[in-house]
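Some notes on the structure that comes next.
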């Protein structure tokens, strides 16, 4: 029975009302506002026009009062059943944010202190036949942590170190402070007879070319009636294929094995099909009656992380079903500040866009939430691996406090049991950046306290995982490894030399240096990085025009306005200026800023990722910071808040393509041609290497034969600039790499940085086919960074932000995430070197 309707909401000053009175069945709540469950207080107040949209202008500052109040939820429901001695009735809250006290019919049945996990209460004796009143009181954080010690390192709101709550609620360098509260996930009544599954764990125990062994472990919770002998049965099905097994419950646990001949394996979508079996597990009593049932999708696969190459060099390489893969993907932050009110379609849309950009891995960042089931279900179905952080980020946590540690232990246990059955889950990680930053800050004297929290990541979590999920690698922190915990030769690395100007390498205990200069933050530094696995790197770009214009107040949509600056939550805004100055030049208008920042981000990521991919397998992963936004700001995201992809997303559809021809080149240096093949089949093709003027005249052309093995990288050829330019200035040509047989996408390069090139003014011709939902674009000269600029959210293109060859046409498919028709008035088309429509 779902309890997600007819809830009411009201606020009070903290500790001014009698909880027993407000929770009592006779209490009159007629004048309370209605609210949605799942949801949150902020979303309700927005819906009721009681607060202005916090995402517009500076309105978030007007919402601070919400986190200081006491909030009450109330609902009534009817129960017409009975609970006898062999039955148990449980009230389950999947998410309570955060310090909540639960009352049923005026009785306090329990309290909670963790937003991140579910909470269950046995109400078998408290339920009434007929009308029942359920009330939940949410205290402001200050009631519980006002007198807690906080005089040690914590980024963004020191009260968060005590609250097991999404850290990003307190603000981050890409989002505002909006401290939420409320019932943010589903609420159910669940009736159990005699016993129930406490947990189920399904895993691929053995895998060969011919067969797989699937191990099923079940744990049974309290038996409510007697000590009957229980057993369970398992069915694993795929179409007409049926595999079964049976097992006995002994000492509250049981195991069974299923032998599967010729299994259909689960692959990431770029390597094969993410096949999922249907798995049903039934708990049976002595009369063979089903008393509980567990259903899920399950993929047969084997995931390992190799840390040594056969030549004894270090690796950090995910190996899926015996295949070393290059992890291509991004970091995932919560999809909204008000996560409880978000519809599932937002998850589907974002993950579909990630797959469309050839990503095969998402890293769930440790300052958000353990994501909703829809996220992991979609990753299972789409063939996206998941790097899962535990929710500890950029702070010291009070591991000296027994109550806090008990809370964390309960959290870890619940999270592991909930997520370990997801086929997509590939790695557990203890925290985000804490080990690394603790060393950096303590080396400089900024931190003088012990490493509070170390017991969590280096003792508690690995101990729990050893018992609950020994099948996956546990990685204590990200980054982790080497002589500065962010070394390029061990483990994973966060490359924040680019953008933040971190001076590398350094060693543990050495002073920290930053070089926030044009050279220090330049994306050209990516080529110096010989990391084994780059799990964070990136740079800012503007949101799309529509997104900015929608949330910036009238009169403020111009470069360097206060409202534009407020969209950027990072420190030292000059870093973005320096990056643009080094590649595009400094923007002078809002048009310049949108173009230059997007172009710099896209070209910078392309520069770094092509470098990383050329080094495989000794670099085996590139996870961009970050995929998505939680509000309409300026950030590192590739897809903005209105689900409009930035230029970097469309570039990723090319630089993450499993087969790619790329050019390694810096101004004045030789040009090296490379082929990268991540597919499991060998490839034969012909590469057409073409150099042309902006007007379309051929300067140099050569065909090179390609013969590359599966999952390999080869250097095809090398040319000097002089050999291909025939006396023409390098700033006046464009290079294109093409597949003669269509096995890979075109790749375009300029031999000088954007700021050092004078592009001719070009005229674009645009034809719109409303029936086919296409546009065809033609240019008389080279058109740089052709942009389809939408005036509606969620609009998509088959390609965007591309370079168009002189006198060639390109047809673009238009679409909308909600399947709306894109009208001609919904978009304009321009290039950096063309006039706007």
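The values are calculated or read from the model by the stated rules, or taken from the named source; none is laboratory data. This structure is a prediction, so every number in the text was calculated from the model and none was measured. Using ideal geometry, Cβ is built from the backbone for each residue, glycine included, and neighbour counts are taken over all protein chains shown.
Going through segment 452-475 one residue at a time, which ones are surrounded by fewer than 21 Cβ atoms within 10 Å (Cβ to Cβ), touching a residue at least 40 places away in the same chain (Cβ under 8 Å), under 29 Å from residue 529 (Cα atoms) and out of contact with any strand residue (DSSP E or B) (no Cβ under 7 Å at 6 or more places or on another chain)?
Within segment 452-475, just 454 meets the criteria.
Residue under question is residue 319, and the condition is that it be within 22 Å of residue 363 (Cα to Cα) and either over 20 Å from the mean Cα position of the chain (by Cα) or in the same structural domain as residue 250 (by TED's automatic domain parsing) (or both); does it hold? Quick ask: steps written out before the conclusion?
On the way: within 22 Å of residue 363 (Cα to Cα): yes; either over 20 Å from the mean Cα position of the chain (by Cα) or in the same structural domain as residue 250 (by TED's automatic domain parsing) (or both): yes.
For residue 319, the condition - within 22 Å of residue 363 (Cα to Cα) and either over 20 Å from the mean Cα position of the chain (by Cα) or in the same structural domain as residue 250 (by TED's automatic domain parsing) (or both) - is met.
Considering each residue of segment 681-703, count those that are crowded, with 16+ Cβ neighbours inside 10 Å and either part of a loop (DSSP other than H, G, I, E, B) or more than 39 Å from the chain's Cα centre (by Cα) (or both), and give that number.
Looking only at that region, the number is 5.
Does segment 187-207 contain any residue that is within 30 Å of residue 64 (Cβ to Cβ) and buried (at least 19 other Cβ atoms within 10 Å of the Cβ)?
Yes - at least one qualifying residue is present in segment 187-207.
So for segment 555-563 (the condition being assigned to a helix (DSSP H, G or I) and under 25 Å from residue 646 (Cα atoms)), does at least one residue qualify?
yes
Kindly indicate whether residue 102 is free of Cβ contacts under 8 Å to residues at least 40 places away in the same chain and closer than 25 Å to residue 373 by Cβ.
So residue 102 fits the description; yes.
Residue under question is residue 603, and the condition is that it be at pLDDT 95 or above, within 23 Å of the chain's Cα centre (by Cα) and within 20 Å of residue 353 (Cα to Cα); does it hold?
It is true that residue 603 is at pLDDT 95 or above, within 23 Å of the chain's Cα centre (by Cα) and within 20 Å of residue 353 (Cα to Cα).
If you go through segment 309-329, how many residues are touching a strand residue (DSSP E or B) at 6+ places or on another chain (Cβ under 6 Å), over 16 Å from residue 471 (Cβ atoms) and free of Cβ contacts under 8 Å to residues at least 40 places away in the same chain?
Of the residues in segment 309-329, 0 are touching a strand residue (DSSP E or B) at 6+ places or on another chain (Cβ under 6 Å), over 16 Å from residue 471 (Cβ atoms) and free of Cβ contacts under 8 Å to residues at least 40 places away in the same chain.
Looking at segment 648-665 only, could you name the residues that are more than 26 Å from residue 339 (Cα to Cα), touching a helix residue (DSSP H, G or I) at 6+ places or on another chain (Cβ under 9 Å) and not in a strand (DSSP E or B)?
Here is the first cut: in segment 648-665, the residues more than 26 Å from residue 339 (Cα to Cα) are 650-665.
From what's left, touching a helix residue (DSSP H, G or I) at 6+ places or on another chain (Cβ under 9 Å): 650-656, 660, 662-665.
Correct list: 650, 651, 652, 653, 654, 655, 656, 665.
Does any residue of segment 253-272 turn out to be under 30 Å from residue 679 (Cα atoms), in contact with a helix residue (DSSP H, G or I) (Cβ under 8 Å, 6 or more places away or on another chain) and assigned to a loop (DSSP other than H, G, I, E, B)?
Within segment 253-272, one or more residues are under 30 Å from residue 679 (Cα atoms), in contact with a helix residue (DSSP H, G or I) (Cβ under 8 Å, 6 or more places away or on another chain) and assigned to a loop (DSSP other than H, G, I, E, B).
Looking at segment 372-403, which of its residues are in a loop (DSSP other than H, G, I, E, B) and either over 20 Å from residue 170 (Cβ atoms) or touching a helix residue (DSSP H, G or I) at 6+ places or on another chain (Cβ under 8 Å) (or both)? If you could, list the steps in order and put the result at the bottom.
As a first pass, look at segment 372-403 and keep what is in a loop (DSSP other than H, G, I, E, B): 372, 383-384, 390-392, 394, 396-401.
Hits for segment 372-403 are 372, 383, 384, 390, 391, 392, 394, 396, 397, 398, 399, 400.
Can you report the number of residues in segment 354-389 which are touching a strand residue (DSSP E or B) at 6+ places or on another chain (Cβ under 7 Å) and either touching a residue at least 60 places away in the same chain (Cβ under 8 Å) or not assigned by TED's automatic domain parsing to the domain that holds residue 476 (or both)?
Here the count works out to 18.
Give segment 1-54 a look and list any residue that's more than 36 Å from the chain's Cα centre (by Cα) and on the phi > 0 side of the Ramachandran plot, or say none.
15
Return the residues of segment 515-539 that are closer than 25 Å to residue 586 by Cβ and in contact with a strand residue (DSSP E or B) (Cβ under 6 Å, 6 or more places away or on another chain); say none if nothing qualifies.
If the condition is that a residue be closer than 25 Å to residue 586 by Cβ and in contact with a strand residue (DSSP E or B) (Cβ under 6 Å, 6 or more places away or on another chain), then 538 is the only one that fits.
Considering each of 522, 535, 561 in turn, give the residue that is assigned by TED's automatic domain parsing to the domain that holds residue 327, farther than 30 Å from residue 59 by Cα, surrounded by 14 or more Cβ atoms within 10 Å (Cβ to Cβ) and over 23 Å from the mean Cα position of the chain (by Cα).
Exactly one residue qualifies, and that residue is 522.
For residues that are in contact with a strand residue (DSSP E or B) (Cβ under 6 Å, 6 or more places away or on another chain), without any contact (Cβ under 8 Å) to a residue 40 or more places away in the chain and surrounded by fewer than 17 Cβ atoms within 10 Å (Cβ to Cβ), scanning just segment 792-815, find the one that is nearest to residue 835 (Cα to Cα).
Going through the qualifying residues, I end up with 809.
Show me the strands (runs of 3 or more DSSP E) found entirely inside segment 744-791 where at least 2 residues are outside the structural domain of residue 662 (by TED's automatic domain parsing), under 17 Å from residue 648 (Cβ atoms) and in contact (Cβ under 8 Å) with a residue 60 or more places away in the chain.
In segment 744-791, 783-790 are the strands (runs of 3 or more DSSP E) which contain 2 or more residues that are outside the structural domain of residue 662 (by TED's automatic domain parsing), under 17 Å from residue 648 (Cβ atoms) and in contact (Cβ under 8 Å) with a residue 60 or more places away in the chain.
Inspect segment 722-736 for any residue being in a strand (DSSP E or B) and surrounded by fewer than 19 Cβ atoms within 10 Å (Cβ to Cβ) and give the result as yes or no.
Yes, segment 722-736 contains at least one residue that is in a strand (DSSP E or B) and surrounded by fewer than 19 Cβ atoms within 10 Å (Cβ to Cβ).
Considering 132, 84, 49, which residue is outside the structural domain of residue 630 (by TED's automatic domain parsing), over 30 Å from residue 566 (Cα atoms), without any contact (Cβ under 8 Å) to a residue 12 or more places away in the chain and surrounded by fewer than 21 Cβ atoms within 10 Å (Cβ to Cβ)?
84
Restricting the first residue to segment 503-521 and requiring it to be on the phi > 0 side of the Ramachandran plot and touching a residue at least 40 places away in the same chain (Cβ under 8 Å), which pairs with a second residue that is surrounded by 14 or more Cβ atoms within 10 Å (Cβ to Cβ) and not in a loop (DSSP other than H, G, I, E, B) meet a Cβ separation below 9 Å and a spacing of at least six or different chains?
Final answer for the pair search is 509/439; 509/442; 509/443.
Quick grid of which residues meet (1) within 36 Å of the chain's Cα centre (by Cα); (2) under 29 Å from residue 261 (Cβ atoms); (3) free of Cβ contacts under 8 Å to residues at least 60 places away in the same chain:
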position	(1), (2), (3)
188	yes, no, no
195	no, no, no
202	yes, yes, no
218	yes, yes, no
223	no, no, yes
232	no, yes, yes
246	no, yes, yes
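Residues of segment 175-229 being modelled with pLDDT of 95 or more and part of a loop (DSSP other than H, G, I, E, B), which ones?
178, 179, 180, 181, 184, 185, 186, listed by residue number.
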